[in-house]
Every structure is written in structure tokens, then in C-alpha cells.
Amino acid sequence: MSGGTEWWRHAVIYEIYVRSFQDSNGDGIGDLKGITQRLDHLQQLGVDALWLTPFFPSPNADFGYDVSDYCDVAPEYGTLADWDELVAEAGRRGMRLLVDFVMNHSSDQHAWFRAARSSREHPMRDWYVWRDGQPDGRPPTNWDSIFGGPAWTYDAPTGQWYYHAFLPEQPDINWHHPALREAMYDVARFWLGRGAAGFRLDATAHLFEDPAWPHDPDPAGGAGVGQKAYNANRPENHAVLRELRQLTDGYDGARVLLGESTIDHLPGLLQAYGAAGDEMQLPMNFMLGRLTQLDAARLKHHLDAAHHEIAGRGHTPVFFFGNHDQHRPWSRFGAAARDDAERDAIARLTSALLLTQPGTVLLYYGEEIGLADLPDSELAAAPLGPQRPRADDRDRCRTPMPWSAGPGAGFSSGTPWLPAGKRAATRHVEQQEAETGSLLHWTRRLLALRRSHPVLRAGRYLPLSSSHPSVLAYAVALPDGQAVLVALNCSAAAVSTRLDGAVALPGCDALLLASDDTVGLLTSAGLKLGAWGVLVASLRQR
Ligand code: GLC
Ligand code: CA
């Protein structure tokens, strides 16, 4: 395994949308065996760990994020034996596996919820969140769910409402209940005992609700439905995350908690690490992760803050741009670009930005080849059926990985559950493998640099200021004198700039990576960068 203890402090974690990575049996649905078949690609890419989206039995109201059995594999994704094989084969290649732990809610088809709704007297009734309605028949509160509609559903046979932060098919579990808590910790023990290196924790912001159940004068207002003081990031969350951390720390091999911490301010994100660094090691930074524009000043603001406030306190900052819930970075940051060549240039810049950050980086499958969102028209035309029971806008970023040309895109010998899209015919792994100038080779080179230059993963980030407003620049340095300069031109025009900052820039002695030959070395006269130009260079010692 790579990195020994605390490997996660400088890791690159690759998110796999299991349904869409590789189908091994021709049913059009990606599966665990398929991932095992593609491990060589991931090893060659050079990632440290894989986060797999939920592969547990589920009625698929929210594609696996509605779990009906936490301790098994859904037949469409394989078997527990397939999981064991995947752990072993990944381990042989130096990669770890993270399980997606859906802590906030189960499926309404989970045996626990069926029992809970069977009668008010059932001992499991309070494993979920039940309330009486208002005297006039309205739900207990006027809160909205994150997926739209009321956050409460009426259960006629027992005459009460249950709470769901997400879909009605995803009832929130009640973390106040000691037996429920223990049952959830047993789930964690199950996967840790079966070789998981840790968890990606789903929707951690929403574990508790305000016990006063306040009326909201403006349910859709403020920072939004999922960011209310009564339903998000409650103080009660911390005890659960501390307990889970103690539990995972009890296992050898530096297990880790990676959190979907949808927090929109830095003090909140800092709290997610725990007051004593005793909660999640890796809460994701959504402030950077949700940006839709490459504005050098805003990027600098978020990067400077993350490194100063988070890394500066000994925590590990977590950087990403893509995941299974949001527009793919290639499409998002390239929205205003002239053509695909320019979108590729932008993608070179965003992956260089991510992979030169000291700390931990998440890549979403397909980012290494600049996978695009499925265009709206193709998404609208994508058929529904048993493999795809409901349409979800987010499916645009969940298309099958295009491995090669041909009808199933190398993903499946059958009909993929979701079309890989027209673009897949010409943009796929095999084609990029053959072109040395492709994004795939670029991403591999970045990962290789990150491996061969410890400063790029473990150095101290030093902010630089640029005389040109489109240029984002920083250096990373280790106490032993290793230092690397990164300069990124976040614009479609060639620029010249002078850099200034915390390090007295001693000049470059080696260009480690440049996006094109218009990138000039740093000299006393300044630095030249072509459109969307990327420069990564090691700095000369004084
Ligand atoms: C998280 C997941 C998302 C899911 C939701 C409800 O936000 O990333 O895909 O729909 O939780 O589980
Ligand atoms: Ca399959």
C-alpha cells in the first residue's frame, strides 16, 4: 500500500460511479467485477484509493443512496465475494477502497423502516423520526426537502408523519436512538472488517434536526433548503462523528473518514474536522468544489484560505471539482469556450490546479479524459426502463465510462443503462491512450509528478501575487529546500505577468510541465503564459 501511515493526507482518491464504470456481464449495468477488470487503468493513472458509490441492495429511488440492506451487495453489482476480490486485487496494486456510508437515511424498504412503520409500539419505531401533524392536519413543520416538496410524509396506518431530508423513499434515521446508533456502527464494523480503508460519509450535514422543530418563515430562502440552522450541521452531529472516528481508529492501517460536508463557510468546514481534530480527517471543500467559473481571484481566495486556515492548523484540505451530483468540470468551466480544443486546454489547467495542491485531491471517473456532461437533448432522449427506472438530471454526469469506440463504448457488451453519448464515439480511453498530447497523458504526467516530487503533495503552500489579474500563481515548498512554482493563466488571451509573494522567487531551473510552447520560463523580466497556459517548474535554490 502506498504511503504507510496517514496515507490519506496526500492522497488522490478516485470516485467511481459503480453503475457506470464497467459492466462485466453484459446486462448494461456497471458492477464490482467490472471495476476489478479495470484496475490496471487506475494503477497506471496512479491514484491511491477508490471511493465507490453505493453498491448495496436498493430499490434505486436515488440510485443506491436509498439503502435497503447496508451489509450486502446488490445482485446487479455482484456479490460479497466480488467485493473481497476487488479489495484484494486493488491492494495488490497499491490502492485502497472507500465505501459510501449513507448515514442520514435508509430506504423506506429497509427492514428497519418496515418494522418502524408497522406500529407505533414497535421497538424500532423510534429508529426513524416520527412526529404528529399540526392540529389542522398539516405536517409537523413547514420544512422543505432538499429534493423538493415537503420534508414530511404521512403514514396513514399509524397516523404520524416521518421526516426525510431527501426523497420520501429516504426516511431519515434517528441518531438519538442508542440501539440505532449501535446498529449503524455495526455496519461500519462490517465493512472495515471486510477490508474497507474507510468511508465516504454521505450527507453528514443532516444527521440531526433542531429538537424545537421551529416554524420557518421562509422555507426556500436564506442559504437554501439544505443549509438551514434547523436541518444542517447541528451541534449534535459532532458526537456521532467523534464516535465513528474512534471506531475507525480502532482498526489498523490508517482508516479514514471522507465527508460530504456541504458547508458554505470556512469556520463551519473547520468544525467538521472536530475541535480536537477528532472527527472526519477529510471533509470536502465545497466552496472550491462548486465554483463554476475560473476566476483567478476567487480561486486564489479559496486556495489561500484552505491552506492557511485548514492546513495551517495541521488538518488536511480536500480539493475537488467533480462528483456524481454536479456538472462535470470539463463542461462547467468550458461552458463559454469556443470549441472542444479550448475546453481541453481549460481541463489541463483545472487538473494541474488540483493535482499540484498539497493535501488530498478527489478525481471523478472520466475526468482523466475530459469526460463531458451528456448534452441536455441526449439526456432528454435517454430511455427509461427497468435499468433506469427514473430520470434524474444528475444522470448527465453519470454516463458510462467510454473505454473504446463501438456501441457499448467498451463499457458493456449489452445496452448501457444510460447512453454513453454521441461524443463517446470519438473521445474515449483507447483514443487518448494513442495520442501523447491527450488529456489522459497529461493527467498521468501530473500524477506521476505528484509521486516523484513529494513537495507537490506534502509541501507548504505559499501564495503569490501576480501583476496580471488572470494569472493564479502559488509555490509549494518543503523545509529541505525543494520548491515548485505553479502559474495558471485563467483566460483565453496570452499574458505576461510578474509574480511576487511570500517567497523571494529565485528563478526556475527546470520546467516540469507546461501546457504548450508559448509558456515562458520565469525570468527577472517576468513570465509569459499562452491562453489557459499552465506552468509547473521547480525553483532554483539560492
Ligand atoms: C448525497 C449524494 C447524493 C444523494 C444524496 C442523498 O448528496 O451525493 O447523490 O442523492 O446524498 O443520499
Ligand atoms: Ca453488470
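Couple of notes before you dig in:
- For L97: the one exception among (1) aliphatic (A, V, I, L, M); (2) surrounded by fewer than 21 Cβ atoms within 10 Å (Cβ to Cβ); (3) outside any loop (DSSP other than H, G, I, E, B): (2)
- Against the numbered list (1) closer than 16 Å to V256 by Cβ; (2) assigned to a loop (DSSP other than H, G, I, E, B), G222 comes up short only at (1).
- Within the range 385-402, the residues that satisfy the criterion of being surrounded by fewer than 22 Cβ atoms within 10 Å (Cβ to Cβ), more than 16 Å from ligand 1 (Cβ to nearest atom) and part of a loop (DSSP other than H, G, I, E, B) are P386, Q387.
- For the range 42-78, filtered to residues that are surrounded by fewer than 17 Cβ atoms within 10 Å (Cβ to Cβ) and without any contact (Cβ under 8 Å) to a residue 24 or more places away in the chain, the residue that is farthest from ligand 1 (Cβ to nearest atom) is P75.
- Looking across the range 325-359, the residues that are part of a helix (DSSP H, G or I) and among the hydrophobic types (A, V, I, L, M, F, W, C) come down to W330, A341, A345, I346, A347, L349, A352, L353, L354, L355.
- So G195, is it surrounded by fewer than 19 Cβ atoms within 10 Å (Cβ to Cβ) and under 23 Å from the mean Cα position of the chain (by Cα): yes
- Qualifying residue in the range 366-384 (condition: without any contact (Cβ under 8 Å) to a residue 12 or more places away in the chain and assigned to a loop (DSSP other than H, G, I, E, B)): yes
- Here S24 clears all of (1) out of contact with any helix residue (DSSP H, G or I) (no Cβ under 6 Å at 6 or more places or on another chain); (2) farther than 14 Å from R398 by Cα; (3) more than 13 Å from ligand 1 (Cβ to nearest atom) except the condition numbered (1).
- Residue in the range 409-432 that is touching a His at 6+ places or on another chain (Cβ under 8 Å), surrounded by 14 or more Cβ atoms within 10 Å (Cβ to Cβ) and more than 27 Å from V536 (Cβ to Cβ) present: yes
- Only one of the numbered conditions (1) away from ligand 2 (no atom under 14 Å from the Cβ); (2) not in a loop (DSSP other than H, G, I, E, B) is violated by D82, and that is (1).
- Residue satisfying condition, being loosely packed, with under 15 Cβ neighbours inside 10 Å and under 26 Å from Y163 (Cα atoms), within set A297, A220: A220
- Conditions (1) at positive phi; (2) buried (at least 24 other Cβ atoms within 10 Å of the Cβ); number of the one not met by F21: (1)
- Those residues of the range 515-527 which are crowded, with 19+ Cβ neighbours inside 10 Å and either more than 19 Å from P469 (Cα to Cα) or at pLDDT 85 or above (or both), in sequence order: S515, L527
- Members of the range 142-166 that are assigned to a loop (DSSP other than H, G, I, E, B) and in contact with an Asp or Glu (Cβ under 7 Å, 6 or more places away or on another chain): N142, W143, A151, H164, A165, F166
- A239 falls short of the stated requirement of being assigned to a loop (DSSP other than H, G, I, E, B), more than 16 Å from ligand 2 (Cβ to nearest atom) and among the small types (G, A, S).
- Filtered residue count, the range 168-219, keeping only those that are assigned to a loop (DSSP other than H, G, I, E, B) and either without any contact (Cβ under 8 Å) to a residue 40 or more places away in the chain or not hydrophobic (A, V, I, L, M, F, W, C) (or both): 20
- Among residues of the range 20-65 being within 11 Å of ligand 2 (Cβ to nearest atom) and of a type in the set (D, E), the one that is farthest from V87 (Cα to Cα) is D27.
Residue by residue, here is whether (1) out of contact with any Phe, Trp or Tyr (no Cβ under 7 Å at 6 or more places or on another chain); (2) among the hydrophobic types (A, V, I, L, M, F, W, C); (3) in a loop (DSSP other than H, G, I, E, B) holds:
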site	(1), (2), (3)
Y14	no, no, no
R19	no, no, no
D27	yes, no, yes
V47	no, yes, yes
L50	no, yes, no
P57	yes, no, yes
F63	yes, yes, yes
V73	no, yes, yes
A88	yes, yes, no
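- Qualifying residues in the range 1-37 (those that are of a type in the set (D, E, K, R) and free of Cβ contacts under 8 Å to residues at least 60 places away in the same chain) - the one nearest to P389 (Cα to Cα): D31
The values are calculated or read from the model by the stated rules, or taken from the named source; none is laboratory data. Predicted model only: the values in this text are computed from it and were never measured. For neighbour counting, all protein chains shown are included, and Cβ atoms are generated from backbone atoms with ideal geometry for every residue, glycine included.
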